[in-house]
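This report refers to the structure that appears directly beneath it.
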Amino acid sequence: MNLKGEAAFVGRHCGTNDYTIDATTVRFYQDALGDTHPLHERFAPPLLYHSECYAFLGEWYLANLFGNLHGQQDWELFAPIPIGARVRTRSTIIDRYSRRGRDWVVNETDLTSATPGEEGKLFVRGRTYQSFLPIGSKDEKRGDGFVVDEQSAAKKKLRPLFPTSEGPDLGSIEKQIDERRCWMFSGPGKNYHTDREEAKKLGFPTIVVQGMMSTCFVSQLMQEHFGMGWLQGGKMSVKLTNVLWVDETVTTHVRVREELPEGTKTRVHCDVWVEKTDGTRVILGDASALREEEK
């Protein structure tokens, strides 16, 4: 059982932060992800605050950090975020449950406007599904000290065939994940996403690439194809299906599944996935955007 008295209960407000969107922060994100787009001259990348939920770890993480894993990530984009805007975040626990021998906590973090006259306008909503090993569970620590390593990750049960969509492919992007990229994305402090020794302390043989990074790659590819239709109306829901380790290379894919009317616009639903060079999928799921009207 987990320790009694943990703070993680549904409805708990975890914290709030205020920021100003500046060009320096945007450029750092672009450098870290290799993500440049003409829209970034006016608007921030939509997942600029991809890890804001982790600013409040003490409020929603469970006590046993050994072997904790990010299992699912949802994003909803409601409006483009102007450069120079003042924004406010709000983090809340919206669910907690047990499944497949792990305890799960779901954190919802909103990014809203704090600019006078536009207070409360919703820009982005993220839902982070984090799983934890119950204290004393048989999987808490194996003989070699690693709860997950390259061999055990490779032996994961095969998932159903994916993708099954037969629409057009919208291209791909390839990324090599080195230590510098990990530090820029998950730093500046030492943790299991940036430092090999810290990773070993939590049951991993080397640096675990933060799951949010792969979702940012999906966002980059969706923005390349849908532009403002992604920044204003984009949706993503992906499962993190395998561990991505430092020094591995991944390719992000988007394939159209169907197009459906949404009011006066059309929503394009896509299958999305990120895979290693050997074909191992690290995330898979769906994303959709509004097609921009032809001028």
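The values are calculated or read from the model by the stated rules, or taken from the named source; none is laboratory data. Here the structure is a predicted model, which means the values were calculated and not measured. All Cβ positions, even for glycine, are placed from backbone atoms using ideal geometry, and neighbour counts span all protein chains on display.
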query = Of the residues that sit in the stretch 231-245 and are in contact with a helix residue (DSSP H, G or I) (Cβ under 8 Å, 6 or more places away or on another chain) and farther than 16 Å from residue 70 by Cβ, which one is surrounded by the fewest Cβ atoms within 10 Å (Cβ to Cβ)?
reply = 234
task = Would you mind telling me which numbered condition in (1) in contact with a Ser or Thr (Cβ under 9 Å, 6 or more places away or on another chain); (2) of a type outside the set (Gly, Ala, Ser); (3) surrounded by 21 or more Cβ atoms within 10 Å (Cβ to Cβ); (4) more than 27 Å from residue 81 (Cβ to Cβ) residue 218 fails?
result = (4)
The stretch 62-105, subset among the polar types (S, T, N, Q) and not in a loop (DSSP other than H, G, I, E, B), residue modelled with the lowest pLDDT = 98
ask   = Is there any pair with a first residue in the stretch 81-102 that is free of Cβ contacts under 8 Å to residues at least 60 places away in the same chain and a second that is not in a strand (DSSP E or B) whose Cβ atoms are under 6 Å apart and which are 6 or more apart or on different chains, and what are they?
value = none
query = Got at least one residue in the stretch 58-72 being charged (D, E, K, R) and surrounded by 20 or more Cβ atoms within 10 Å (Cβ to Cβ)?
reply = no
task = May I ask you to verify whether residue 81 is under 19 Å from the mean Cα position of the chain (by Cα), over 21 Å from residue 283 (Cα atoms) and not small (Gly, Ala, Ser)?
result = yes
task = Report yes if some residue within the stretch 199-208 is in contact with a Cys (Cβ under 7 Å, 6 or more places away or on another chain) and among the aliphatic types (A, V, I, L, M); otherwise report no.
result = yes
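Identify, from the list 167, 117, 145, the residue that is part of a loop (DSSP other than H, G, I, E, B), modelled with pLDDT under 95 and touching a strand residue (DSSP E or B) at 6+ places or on another chain (Cβ under 7 Å).
Working: 117 fails: touching a strand residue (DSSP E or B) at 6+ places or on another chain (Cβ under 7 Å); 145 fails: touching a strand residue (DSSP E or B) at 6+ places or on another chain (Cβ under 7 Å).
Unique residue meeting the criteria: 167.
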task = Search the stretch 173-201 for residues that are over 16 Å from residue 214 (Cα atoms) and pair each with any residue that is in a helix (DSSP H, G or I) and among the small types (Gly, Ala, Ser) when their beta-carbon atoms are under 8 Å apart and the residues are at least 6 apart or on different chains.
result = 192/199
query = Only one of these conditions is not met by residue 16: (1) outside any strand (DSSP E or B); (2) touching a residue at least 60 places away in the same chain (Cβ under 8 Å). Which number is it?
reply = (1)
message = Could you list, ordered by first residue, the pairs with Cβ atoms under 9 Å in which the first is in the stretch 212-225 and hydroxyl-bearing (Ser, Thr, Tyr) and the second is buried (at least 22 other Cβ atoms within 10 Å of the Cβ) and in a helix (DSSP H, G or I), at least 6 apart or interchain?
response = 219/230
query = In the stretch 180-215, which residue that is part of a helix (DSSP H, G or I) and of a type in the set (Phe, Trp, Tyr) is surrounded by the fewest Cβ atoms within 10 Å (Cβ to Cβ)?
reply = 183
